[in-house]
Amino acid sequence: MKKFKKIMMGIAVVICAFGFTISSASAASDSNYVSTPYGKLTSNAWRSSLSTSGNTYQFTYQTSAVYSGSNSVDWIKTTWEACASLRNSASMSIGISADGVNAGSSSSWQNVCQSAYWQNSNGAKGAYSETRNAVIKPRADYRSGTVSIQNEAKVKIKGDARSWSVNASV
């Protein structure tokens, strides 16, 4: 009987651990690049796993655009969008002052997104978002596994009217 109880306890622990893993988004990163006539443009996106704080879910994220080539740059830009499925007027803030987006008051799941960008026009060959903290509240009105970060890296090389872009998402 003791052996049976130990086996059942082991199964219960595995089930609980598995259930927890499903309910929280895992940390993730993505990097994609495009070759231009002048060098390579890379888009990077990273986000942490979700953590809980009171009645909120929180995660950190960072994006960047990096040009590796010898030509001079007019400008380089990273534009990111954070999305999540929310309901019942739940909100998501992505760590930019005066930002925030709310779901409608419906009990149906709604995909809500908030975007921002950083551009360098000083000859730099990289544009980087700061590591930012995003907050979703309340936890009960977030649909598990739906957080995503999309990043578009874009560059314009001096002397060329064209620009190049590439995306990464996590």
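The values are calculated or read from the model by the stated rules, or taken from the named source; none is laboratory data. Predicted model only: the values in this text are computed from it and were never measured. All Cβ positions, glycine included, derive from the backbone under ideal geometry; neighbour counts span all protein chains shown. Areas reflect the complete protein model, heavy atoms only, side chains present, ligands, DNA and RNA absent. Shrake-Rupley method; radii C 1.70, N 1.55, O 1.52, S 1.80 Å.
Tabulated data
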| quantity | calculated |
| --- | --- |
| Charge dipole of the chain about the Cα centre (unit charges at C-beta), most positive-ward option of TRP75, THR146, TYR33 | THR146 |
| Accessible area (Å², per residue) of region 52-170, counting only protein heavy atoms and a probe of 1.4 Å | 47 Å² |
| Size of charge dipole - the chain - debye, nearest 20, with Cβ of Lys, Arg +1 and Asp, Glu -1, no other charges | 740 debye |
| Theoretical FRET efficiency, 1/(1+(r/R0)^6), r = Cβ-Cβ of ASN32 and ASN55, R0 25 Å, to 0.05 | 0.10 |
| Sequence-separation-based contact order of region 60-170, relative, with Cα cut under 8 Å and 6+ spacing, percent | 38 percent |
| Dipole-positive endmost among ASN111, SER93, TYR57 within the chain (Cβ charges, Cα centre) | TYR57 |
| Identified option (computed percent of Cα pairs over 20 Å apart; candidates (1) 59; (2) 55; (3) 64) | (1) |
